[in-house]
Each structure stands twice: as structure tokens, then as C-alpha cells.
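Notes to accompany the following structure.
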Protein chains: 2
Amino acid sequence: MKRRLFLFASAASLSLLATWALAAEGKWTPRQVLQIDPAWLQQQGLELPPGQLWDEARGTGLLAAAVSITGCSAGFVSPDGLIVTNHHCLFGVVQEHSRPERDLITHGFLARSRPDELPSKTMRVTVPRRFTDVTDRIEAAASGAADPSARTRAITQAQRELVTACEKAPDAGCRVAVFDGGLQYVLIETIELRDVRLVYAPPRAIGEYGGEIDNWMWPRHTGDFAMARAYVSPEGRSAEFAPGNVPYRPEFHFPVARRGVGPGDFVMVLGYPGITYRSLIAEEMAERRDRFFPWREQVFGEWIRAIERTTEGSPDAQILVAADLKTIQNRYKNAQGQVAGFRRGRIVERQQEADDRLAAWAADRPEAAEVLAARDGLRDVLKERLETWERDFLLSLVPVGLTTVPGSAGTFSKMLYHAVTIAHLARERAKPDAQRTAGFTERDLPRLRDRAAREEKSTYLPADREVFALYLERLLALPETQRVPSVEQFFGKYRGAPVALRAHLEEVYKASALTSASTREGLLEAPEAALRERQDPLLAFGFAFDDDLTALRARLAAWEGRISVHRPTWRRAVIAHAGEPVAPDANSTLRVSFAHVKGYSPRDAVTYGPQTTLAGALEKHTGEEPFDLPERVRASAADAPGSRWADERLGDVPIGFLADGDTTGGNSGSPVVNGRGELVGLNFDRVWENVANDFGYNPAIARNVSVDIRYMLWMLDDIEGADALLKELGVR
Amino acid sequence: MKRRLFLFASAASLSLLATWALAAEGKWTPRQVLQIDPAWLQQQGLELPPGQLWDEARGTGLLAAAVSITGCSAGFVSPDGLIVTNHHCLFGVVQEHSRPERDLITHGFLARSRPDELPSKTMRVTVPRRFTDVTDRIEAAASGAADPSARTRAITQAQRELVTACEKAPDAGCRVAVFDGGLQYVLIETIELRDVRLVYAPPRAIGEYGGEIDNWMWPRHTGDFAMARAYVSPEGRSAEFAPGNVPYRPEFHFPVARRGVGPGDFVMVLGYPGITYRSLIAEEMAERRDRFFPWREQVFGEWIRAIERTTEGSPDAQILVAADLKTIQNRYKNAQGQVAGFRRGRIVERQQEADDRLAAWAADRPEAAEVLAARDGLRDVLKERLETWERDFLLSLVPVGLTTVPGSAGTFSKMLYHAVTIAHLARERAKPDAQRTAGFTERDLPRLRDRAAREEKSTYLPADREVFALYLERLLALPETQRVPSVEQFFGKYRGAPVALRAHLEEVYKASALTSASTREGLLEAPEAALRERQDPLLAFGFAFDDDLTALRARLAAWEGRISVHRPTWRRAVIAHAGEPVAPDANSTLRVSFAHVKGYSPRDAVTYGPQTTLAGALEKHTGEEPFDLPERVRASAADAPGSRWADERLGDVPIGFLADGDTTGGNSGSPVVNGRGELVGLNFDRVWENVANDFGYNPAIARNVSVDIRYMLWMLDDIEGADALLKELGVR
């Protein structure tokens, strides 16, 4: 049990540690909170007893008031299932209900009473119910595997069985989360609430103030907040939308902090950070720095230009691609920030030093051979991966059945995605459910159908075709040793012939039935033979390309099997060497980061203060997007200093604040609470200098960006007059 | 004498004032320094007795160690005529001596011994010798004038007579400077040193580090310093370059401050600020805000795009237009900053309040009628000016014989400039010298010849023609009431016909002899009849256009005559109302600003510290212009913290610093000295937020940017090993 010493063991079994080198580093699991010295937590500013944050015996606590909402984090703020999260996290619902004659995107939305709340087709709220360590079960299943691929299959199989058993409980949604590359496996039981309704969204000019220009930046003046409410059946069961449903009554919720927050104040950032890479060894990080992010920057930059070029002058086309373009731009900017952050933070060099220190430390210990072999093992896998790196990177851009490739992005050629998805699903449905690739089991079908339907409104064929063409050109340009059979077969003759390739693709698109959404939906569950019969050129390529993906999946499974042996060994040594709790990499499970409100210096002679104000938002106002504050907000700004939501020290309504919270993607909408567990804000971004914190925490620049809850309250109070909501929040 | 109470009266005649509302506001004349309470100056940080800065009896003092160097300021730093100023101020000399095989621009230059110093054809150093109040003389001459135009003529005439008499003294260069629009006239006697040699210039990558991107910006890491030496004949007389000349021995020079400068330290910025507009009334400022700067932004923006377009893909053409393009870009960015600054600082609104306060104060006093009539008089002139504003603005862009139009810029069509200059000079040379327009007297001929010769290397005809075409198009688009006869006559038929206009201009350029520099030089002093005979199409237009300029000159003279009556009356009231010294607007005469080293907040949540470091320069280094530090500088940066030029507090070699000095264009190269009169830096810019300080001083954002002299010393010492120079500077 030694290996689980810090991660999930009970607090009582631990000798508590009083000193912390990097206090703010770490996205702690709920149980780790109990392993941290309570005196230290108190000294940081925690006023509640840690046991109130998390009750080991019950497997829940106040932390569980932080929930997951389709890719984002969120928090309950009333006993009646009221939820706050980011505006951008609820944007889909706003869009769903927006009509030209009732433009909720532009004007925002406020439900003046519960019946006015707007249901959503796609929003899901996931509330954690119980965490169970299942490492022994997984390891027992994996131990007899004949080879690395079999090991991966055995682990996957064991996880599925655990999930299936777990989901027999009423309303239960379950998953097995992997920590530290396999050092720990935890079964997480949740309840998924499916009737989620929009309660409040500010005008887009508030919720997205600063837009792409301010994205990843500070100072920030974005009112990135919105509210929803979760409903259940009258019996209290999870249910799809029904008029007779009643508000869900969460066991825990965060009261709103009237006093707000200021420089130096202790805060906790709670939520579901997606993925980080701090457990990689230096060589693996170098792969990210030297290959992964530079390639992303190149490829996404190329796609952005292609989409802009093909939609130029056509507002309708621009609307169709807007959401995708925003996603790619965000990833593109992220890749740039990662590359810059690696350089500035000397992240690989520092990891190399840390790895070497660990190896030296381990050398004198009994487990030396095992530890050094683990490092060599990881290096060997990497070496193999690098041999076909370019091909595998490009293939992974069509992430069909490739859940194990971290951080890859969809191709943004929807047609390619549909072709491969339909082809792969046809093959997987021919297998027993338990043997299918992840994401293609029976329970995944609704999600696949959803996505097919959703994407109808976001496809502009000329842009889609051009992105497809650029993608093929990159595949055709691979060195001979890495060529992709399906691509060679279908498009090999167009190598070096960009015009002919595009003319051919135009024919392919014309001849394919996949460009019609209704046809696609019909094909989604058709068997392979039926699909083949159609002789659809896109589908034909989809099957061939899926063969190549299958080969990649097999390679990935083998590598993964080897990594699942070596990584835990290496990480066990890292934790033993640290001699104190070490937070595992993010994996979309509930975490908490302990932080303080503080500014930073982004560069020579520049200091950023930790708070922004309404006056600062007005300063940025130009009257043009993305700096176009609504007239009613500007008109009220003069009275803002006298508002009860004004910050006394700032003499104005506060908008944003910085803290040294340890966050990443997935922390969008994370409740930020004070030492009494009261809500002071919502996390929505990291600063530019901190983008590479996924690889290492640098206290000098590690800053997360939150919107001050008082800005939301001021909007609700002084602008919207939302009395009922303010009353429900306990501040009227 | 009351009117001169504060400006040039002797200190003894004043009741000294102990309190100052805006301590740092004011570009003080040397004599005003003696009117300021010495105790207050001491409290600010002045350690020298004020009498050492300026000796009223002798009309000189330490301030006179600040000299003027062709449009810039500079300072003597050794008894042997060694001068420091900005790199960009000596760039012309560097360029003059740069050859492909000896690229001083790129690599910089250091004279290891005096014979190595490089003479310049164009550099002139002007050292102030004596200041004499001549207001009575001017006013006596002006008092009998029959009308405003005659008044302007009489004032000009009286000034010329004073200058002529003054220049009878050996080596004397003289001018009459006008203060507060005519409240004061001062005869300034100087000595002009004509043998000025380049001693040191850093590589361009240091001297222009940050380039146009960082221009007007902070934080700044530009090593904008260079050194020259002034020489005189062995007899000590001003002389053109001769090998036998000897270093000039200035009476005053600034020793270098070894200790450097830090936050809060007192500094004085000495130099020759060009022009400011704080004495304008609110309505006149509104003209600048609403018309002048927006038009400049438009016109210059158009020209920039035209020049970039016509030179695209041609590196040779780009080199030809580089200097002009830089000048226009600088003015373009300045215009943007002015417009933004007017808005942010509510400058017009605040001036309106100040004007109204003054009017209310004056209403109860005996001079009420006179003061209010002065304001009305200024308003009336403005009203008339606005009637033909667009035409006059455009005509003023060809500033031939239009010295009274403040802040106008050359047309950047050299051909247009040459045509009008040659035409106008032919006419002026037919008149007695004393009756000619300013800039066209006998003594101006060398300067005109110089410019004609200098511009040879900066003309690219296709760009020149396109700028000419754009200019004509604007003139042709004027409303009918403002049409320009010469333009209508020569180009009227091309209104609305851009292609035909350009084709025609191409013919005109082909047919004109003015495109040849040698021909131009020959024509520069030809009489009108001879020029007319050539039937040169450009010259023909030049004569016709000059007629229109003559009409404008007459209107300007009449307005000026009226303003010269009203402005002094109004300003006299402003000064009386203030009850303390009021610094007059800048007019290219010697001034001093008392300041402190300090940062500022440019916007919400952002604070700029007052100093930058070498580490910050490295942070910006990308390896590409304008952020491409020389290898030897980067290599030495690691040792910089241990250098004797490192700042102890910063732990690094300091590069730039901010102070709340009151500066404007012309202050480039201004010596910045500490309370002991020791050199701590060289001013070279203002910050972006402070561009509109020409109209009003805002202590919150009024910051001038200087390069720390220790950066220059570090370069000389640790990089160049310039022992002789360091010894001469007294630091070796």
C-alpha cells in the first residue's frame, strides 16, 4: 500500500508535513486535502476545518459543491440547484434559444421566474457522489498480461467492468480515473443531471468583453459569468427535461461572499482541470516543446488562414465557421504561449535537473535498478514514438477512437470526421460492446448522434474542403518511411499537384452523400456492408483511413501498456523523494488549489495589479467589438462607486482578479471561494505567461484569472434588478 | 514692465513663491530658474546654488552646457568639447560615413584616438552665449502699424535688424525668440560650431533597439546614445572642418555621475524643446483635436500605405524611402497619440474650464474689457481660419516660406517641394534681403543648397509621384469655396479620374528636369525669367502653386498680426491669475525641467516601474530586427550584474528610466543631470500616454524616457574597451 501513501490513504496514516516549498503548486485531490497539515492550511487562510471540505468516510464534502458541466467547472450557489459558471460555458444554451427576433446572444437573458428558465438539449451537470480506490482490482487484472498491448486491453477491460457494476446504482454515472500514469486508479461515482436550464446570461458584450484580443491576457475586464439551474424528477431522480421536474437539491452549496476579496486574501479554486503534463520526464517534455506545440502552431495557423480566406466577404459563411475558428484560434494562441513559456521558464532544462537529482537520489536506494529502468523504459517508448512522430501527429488530428492521445484536436474537416466516424462505428458495432474502442460503445451512441446533429450548423463546405486539402497535403509530404497507405491509395497521385487535388476533392464532395446531415444520421448506425455498397467516395476513404488509424491505435496501445508499467514506478520514486504530498497531474477529476490574490510582473519594469475595475472596462471601451459595453452599463458606471457591490479600497465595482491558483483547461467556471467556503469569483482563464504551467509551476507567474462575483451581483442588482435571484443568493 | 514680471525680470524683483501646485510642470527659461524659491528647489533635490545654474549678470551658467545640435539637444561632457546626445540625432553622420565594406550603421563606430574622429558635412552645434530682452524694441517698431499684416511685417523687420546687428559680433549666430505669442521677445546670441566629428555610435541594434514597435513606448531598452566632438580653429574661432582644428573648450560641461540614478531621485532635463500649445485657448485646442491631428493621421496614414505599396518587393526602393517613411510613421503615431491623449485627458474640456475661470476672475478687475476682448479676438481669428481650414491645412503641407504654421510637415513629394522652392527662391532673390520671406534670405542659401543635395539619396520617383497624386486628389476634392487656383488650372480636369491623373503625372515627371539633382542645383539660384523659359511642367506648376502659397502667406500674416496683439494680453492675465511663475510654451530655446525619477500607471491594473535593465533587453531579444542584440552584448550580459556600471538595487546594468520631466520634440538628446549637475542620462522620448502633453501637463502620466548613462558607460567599458574616452569622462 506504500505506493498510495500520499494520494488516497487516510489522513490518520500520514505524518503531516509542516513546510511546503511551493505552497500554491498543486491541484489537490479531495483526499489529499486531508493529508495537508491543518495548521498550515489555517495559516494560509482556511477558516473551515478541513473535514468540512471533505469527509473521508462519506467520500464527499463541501468540495463536491463544485460540479462539472460539459467540459467546464461550475458551482452550486443555492439549495435549489442554482449553478454559476462562465458565460462561455453556457454559451451553447444561449445560442440554442437565440432567434433573430429574440437575440439572447447580444442582449443576454434573465429568467424573472422559474418557469421562464430555458431548457437545454445538451447541457449536463455531473455531481460527484463517491470516490473509491480500485488500484488493486486493476492491477490484479493487468498482472497476467502477455504483452504490453494485452496489458492495455486488460486494464481497459477491468475499468469497464467496474464502471458497469457501479452504474447499476440508481442514477449513477461512473468512470475510472487514472492518476500518475497508473500509480492509482479511482472509481468515481457521479450523478448526471440532464435537465439543466438557463437562468441568467449577460449580454455577449459583457460576457465576452475583450474577445480574442484579451484572451489569455491580463488586465481583463470580462464578465464571464452565467447561471443555470439543475432539475430532477419529482421523485428526485435524474431525468430529461420535463415541465413537472423540480429543482435539484444539492447537499452542498457555496454561499456568496458579500465582503468580496482583495489583495493577499486566501482563496481556493475548485473544479475539474482537464490534463497536465508535469509527470513527464524531461525528454517527453522536449517532445512537446520541440514538436507537438510548434506543429500545432503551424497546422492551426494554416487552418485559420484557410478558413478566413475561404469565408472572406461572406458573413453567412463566417457565422457557420465562427465557433470552430474561435476554438482553433484559442488552441493556436495556446500553442504559441506554450512554446514561449517553455523557453522563458527553461522548463525542459529544469525538468532535466529534477530528473537527474531523482536518479542520483535513487541510486543509493534498494529500488535503484527499478527506478532507473523505469526512466529508461519511458525513454525507449519515446524514442520509438519519435520515429513515426510526424505521421502519428497528423493521424491523431482525426481523433476517432484515439482517446489516449492527450491534447489532440479535431480535424476541423467535418466531412473527414464524419466519414471516419461512420466507418469506425460500423465496425465497432459488429463487436461485443466490451471489446469496442473507447467512445464507440452503446452508451456513447447518443453522444455521437448529438455531435452529428449539432455540427450541421457549423459546416461551410468550401472551408471544410480546403482544410481537408491542406491536411492531405501534409500527409502526402511525409517522408517515404512514414507514408499512410490510405492516403497514398486515394490521393497519392495528387502529391505536388495542389490545384488538381482541390479539383478532385470538389468532385468527391459533390459525389458524397455525407454532406447531407439527414443522410449522415441515417448512416451512423448502418453496417459496414451496407455502407460499402453505396460506393460513396468519402466513405470509401473513411474505411481505408480507419484501417490506418487502427494500426495507430495498436501502436498506441502497446506504448501505453509499457508506459503503464514504467510511469508509476518513476512517479512513486518522485513522491518518495519529495517526502511530502505531491499532487498528481490533472485528469478531469475534482481538484482544489490553495492560492492567494496577488499580482505579478510579466516583464521588465511592468507590474500587474491583482484587480481590475469597471472604470478600467470603460477605459477600454471603443464602441466597437470586442470593446463595446452596453449603453445601460456605461450609464450606470458613474454610480458604481456608490453601489453596495463596490470595493471600498478600489472605490469602484471590481471586475477581475488574479490569484496564484494552479489551474488549466477545464477549470473554466471553477468556483473560487474564500477561507469560509464562500464564493468570491469564477475562474475563467490563465495569464499568457502562465500557459506552459501545464508542464511546471512557476510561482512568479502562475496566475489564474477570475471574475469577481461582485461584478455579477452588480449586474443583477444595479442593471437587471433581478430581485428574486439576489434573494435566492441570500444577498437581498 | 509688469508684463515681464515672471518671465525675464531679475530674481530680486520678485516675491518668491513657496508652494507649487504642479511641481514638475514647466519648461523653465534660464532666468525663470532664478525666480523659483531656492528653498523649494533644494527641497526637490537641487544641491547646487541656483546661481550656478544661471548667472543673470553674465547671461550664462551651467545650463549653457546644454547645446543644440541640428534639431536635437545635447550636452558637453568634457573640457575638450566632447558631446553626448542621442544615437538618432547623430545617425546622419553615421550614415554619411557608412559604406558597404565599412558598415558603421550596423556595427557602430568608435574613434580610438582623436584623429580617427569622423567629420560631418551637416552637423552644427549651437552654444548659447547671451540672452537679451528686446520686447520694448519690437513693440516700439510694431506700435505704429496700420493693420495686422503691417504689424507682422514690422515685427519681422525689427527682429531682422536686431539679428543683423547682433551677428556683427565675432562668430555670433543670433535669433529673436518669441514667448507667449508676443508677451516677450528675447534676442539670443549663440556661437555655431561647424566642425563636429563623430566619436562614438553604438551598433544600430543597440541605438535603435525596439525600433518603431517600441517608439513612444515604455518599457524601453534602447541605447539611444552617441558622442561627437566640436572643433574650432587654432585661434578658437568657429570654423568649417580642417585637419588643424582643435577641440572646442566649453566654459561649462557636465561631469558624469558614477552613482547613477534611482527611483525618487531628483533630475533636471535640459535642452531645446521645439513647440508646445499650452497657451492656446480651448477653442484653438479643439481645432487641434478635431481637425489638425485627425487630418494628419489620415493623410500620413495614406502616404505610409502609398510608399509601402510602391516600394513593395524592391529593397533598393525601400532603402531610399526608409528615412522619410520613419519620419512619417513617427508623425502618424504621434497624431494617434495626440487624439487619444486629448480624449483620455479631457484636455479641451479642462482648458475650457480654466479659460472660464480666468474670464470670471478678470471680470472684476480693471483690465476686464481688455482681457475678454483678447479672448474674443483669438476666437474671431480662429473662426476665420476654420472657413478655409481644409485648404490651408493641405497647402501648409508644402511649407515653403510658411514658418509660422506650427507643426506642419513636408509634403514627402520631393519633386513638389523642389519645384515650389526653386520658384519661390527665384522670386525672393529679386527682392532686397530684408523683405524676403523667412528662410529665403541670403544666409539661408547654404541650408537650401544642403537640403537639395541631401535629398538626392532619399528620392524614389514612383513613391514620390504617388504621394503627389494623393495630395492632388485631396486638393481636387475640396469644396468649391476652397478650391486652389493653381491646382484647378493644372490638374482640374483629372478630378475623379485617378488613373488618368497618375498617367499624366508620369508624363510630367518624365518631361521635368527637376528629377535630376545636378540640374536642380543649377536651377536653385536662377532668375524667374530663365526658369520660365525652360517650360518645365513641374516648375510651371511650382510658380502657380507658389502664387497660392503667397495668398496663404498673406492671410497667415494678417492672422498672426491680430494674434500678436491678443495672445499677450490673454497670457498676461493667465500669469497674473496664477500668481506664480508660469513657464511659456516651448519655442526651441534653452529650457530646464525639474523632475523626479518615477513610474506610472498607464491603465487599470498596470504599473510601470521607472527603470529597465539589460536582462529586460535580453528578454525582448528575438534575433530579428528590431530586437536583435549583438552577440558580444548578449555574451557579456551574464557578467553585467558584476560590472561596476550595474545598479546595486537592480542587480543589473540599467538601461532606461522614466521621470516626470516636462518635455517635447526637440528634447531628444537632452542631458538629464542630478542635483549636483552631473549627467545621469539622456532624454530620448515621451511615453505614449503623454504625447498630448503639448497641450496640458498631467502629473499622473507625464513621463519622459531617458537612457541611463551607465548603459553607455558599460558599452564603452565592458564591450568596447574605450579607455581613452572613459578617461576623458573622468571615470577611468
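The values are calculated or read from the model by the stated rules, or taken from the named source; none is laboratory data. Note that the structure is a prediction, hence the values are computed from the model and not measured. Don't worry about glycine lacking a Cβ; one is built from the backbone with ideal geometry, like all the others, and counts go over all protein chains shown. We work out accessible area using only protein heavy atoms, side chains counted, and drop any ligands, DNA or RNA first. Shrake-Rupley method; radii C 1.70, N 1.55, O 1.52, S 1.80 Å.
Could you tell me which residue of region B:240-271 is nearest to residue B:121 (Cα to Cα), considering only residues that are touching an Asp or Glu at 6+ places or on another chain (Cβ under 8 Å) and assigned to a strand (DSSP E or B)?
Across region B:240-271, the extreme among qualifying residues is B:247.
How many residues does region A:514-544 contain that are touching a helix residue (DSSP H, G or I) at 6+ places or on another chain (Cβ under 6 Å) and without any contact (Cβ under 8 Å) to a residue 24 or more places away in the chain?
Summing the residues that are touching a helix residue (DSSP H, G or I) at 6+ places or on another chain (Cβ under 6 Å) and without any contact (Cβ under 8 Å) to a residue 24 or more places away in the chain in region A:514-544 gives 1.
Which pairs turn up if I take residues in region A:333-350 that are over 20 Å from residue A:601 (Cα atoms) and look for partners that are aromatic (Phe, Trp, Tyr) and surrounded by 22 or more Cβ atoms within 10 Å (Cβ to Cβ) with beta carbon separation below 6 Å, at least 6 apart in sequence or on another chain?
Correct list of pairs: A:335/A:293.
Is it fair to say residue B:573 is touching a residue at least 60 places away in the same chain (Cβ under 8 Å) and hydrophobic (A, V, I, L, M, F, W, C)?
It is true that residue B:573 is touching a residue at least 60 places away in the same chain (Cβ under 8 Å) and hydrophobic (A, V, I, L, M, F, W, C).
Does residue A:663 count as of a type in the set (S, T, N, Q), within 12 Å of another protein chain (Cβ to nearest Cβ) and either in contact (Cβ under 8 Å) with a residue 24 or more places away in the chain or open to solvent by 20 Å² or more (accessible area, probe 1.4 Å) (or both)?
Criteria not met by residue A:663.
Anything in region B:175-193 that is closer than 30 Å to residue B:378 by Cα and buried (at least 20 other Cβ atoms within 10 Å of the Cβ)? List them, or say none.
B:176, B:178, B:179, B:180, B:181, B:182, B:183, B:184, B:185, B:186, B:187, B:188
So which residues in region A:1-30 are under 21 Å from residue A:667 (Cβ atoms), open to solvent by less than 30 Å² (accessible area, probe 1.4 Å) and either at pLDDT below 50 or of a type in the set (Lys, Arg) (or both)?
Answer for region A:1-30, where residues must be under 21 Å from residue A:667 (Cβ atoms), open to solvent by less than 30 Å² (accessible area, probe 1.4 Å) and either at pLDDT below 50 or of a type in the set (Lys, Arg) (or both): A:7, A:27.
Testing residue B:651 on (1) open to solvent by 30 Å² or more (accessible area, probe 1.4 Å); (2) under 29 Å from the mean Cα position of the chain (by Cα); (3) closer than 30 Å to residue B:676 by Cα; (4) within 14 Å of chain A (Cβ to nearest Cβ), one condition comes back false. Which one is that?
Result: residue B:651 passes all but (2).
What residue, among those in region A:403-432 that are open to solvent by 60 Å² or more (accessible area, probe 1.4 Å) and not hydrophobic (A, V, I, L, M, F, W, C), is modelled with the lowest pLDDT? If you could, list the steps in order and put the result at the bottom.
Of the residues in region A:403-432, the ones open to solvent by 60 Å² or more (accessible area, probe 1.4 Å) are A:403-404, A:429-432.
Adding the requirement that they be not hydrophobic (A, V, I, L, M, F, W, C) leaves A:403-404, A:429, A:431-432.
Numbers: A:403: 60, A:404: 45, A:429: 93, A:431: 94, A:432: 92.
If we take residues in region A:403-432 being open to solvent by 60 Å² or more (accessible area, probe 1.4 Å) and not hydrophobic (A, V, I, L, M, F, W, C), then A:404 is modelled with the lowest pLDDT.
State all residues of region A:62-95 that are open to solvent by 10 Å² or more (accessible area, probe 1.4 Å) and of a type in the set (Ser, Thr, Tyr); if no residue qualifies, say none.
Across region A:62-95, the qualifying residues are A:68, A:70.
Does at least one position in region A:449-462 carry a residue that is more than 21 Å from the chain's Cα centre (by Cα), modelled with pLDDT of 85 or more and open to solvent by less than 10 Å² (accessible area, probe 1.4 Å)?
no
Among the residues of region A:337-351, write down those that are away from every other protein chain (no Cβ under 13 Å) and over 12 Å from residue A:696 (Cα atoms).
The one that is away from every other protein chain (no Cβ under 13 Å) and over 12 Å from residue A:696 (Cα atoms): A:337.
If you take the residues of region A:593-627 that are buried (at least 18 other Cβ atoms within 10 Å of the Cβ) and away from chain B (no Cβ under 14 Å), which of them is farthest from residue A:31 (Cα to Cα)?
A:596
Considering only region B:272-302, state which residues are assigned to a loop (DSSP other than H, G, I, E, B) and among the aromatic types (Phe, Trp, Tyr).
B:272, B:277
Do we have residue A:122 as within 14 Å of residue A:434 (Cβ to Cβ) and not in a strand (DSSP E or B) here? Lay out the reasoning, then the answer.
Details: within 14 Å of residue A:434 (Cβ to Cβ): no; not in a strand (DSSP E or B): yes.
Against the criterion (within 14 Å of residue A:434 (Cβ to Cβ) and not in a strand (DSSP E or B)), residue A:122 does not qualify.
Taking region A:199-228 only, how many residues are buried (at least 24 other Cβ atoms within 10 Å of the Cβ) and within 14 Å of chain B (Cβ to nearest Cβ)?
6
Within region B:564-572, can one find any residue that is closer than 30 Å to residue B:430 by Cα and out of contact with any strand residue (DSSP E or B) (no Cβ under 6 Å at 6 or more places or on another chain)?
Within region B:564-572 (the criterion being closer than 30 Å to residue B:430 by Cα and out of contact with any strand residue (DSSP E or B) (no Cβ under 6 Å at 6 or more places or on another chain)), the answer is yes, since at least one residue qualifies.
Are any residues in region B:46-61 outside any helix (DSSP H, G or I), in contact (Cβ under 8 Å) with a residue 60 or more places away in the chain and open to solvent by less than 60 Å² (accessible area, probe 1.4 Å), and if so, which ones?
Scanning region B:46-61 gives B:46, B:48, B:59, B:60, B:61.
Take region A:96-122 and flag every residue that is at pLDDT 90 or above, within 29 Å of the chain's Cα centre (by Cα), open to solvent by 40 Å² or more (accessible area, probe 1.4 Å) and among the charged types (D, E, K, R).
A:103
Scanning for something of a type in the set (Ser, Thr, Tyr) and modelled with pLDDT of 95 or more, does region B:622-637 turn up at least one residue?
If we filter region B:622-637 for residues that are of a type in the set (Ser, Thr, Tyr), which is where we start, we get B:622, B:636.
Those left that are additionally modelled with pLDDT of 95 or more: B:636.
Yes, region B:622-637 has at least one match.
So which pairs qualify, if the first residue must be in region A:440-465 and more than 27 Å from residue A:306 (Cα to Cα) and among the charged types (D, E, K, R), the second must be at pLDDT 85 or above and not in a helix (DSSP H, G or I), the Cβ gap must be under 7 Å, and the two must be at least 6 apart or on different chains?
Cβ pairs passing all conditions: A:449/A:524.
So is residue A:552 part of a helix (DSSP H, G or I), among the aliphatic types (A, V, I, L, M) and over 30 Å from residue A:151 (Cβ atoms) or not?
In short, no.
I need a count of the residues in region A:273-322 that are within 29 Å of residue A:593 (Cβ to Cβ), hydrophobic (A, V, I, L, M, F, W, C) and open to solvent by 50 Å² or more (accessible area, probe 1.4 Å).
1
If you take the residues of region B:350-400 that are surrounded by 18 or more Cβ atoms within 10 Å (Cβ to Cβ) and among the basic types (Lys, Arg), which of them is nearest to the chain's Cα centre (by Cα)?
Checking each candidate, the answer is B:391.
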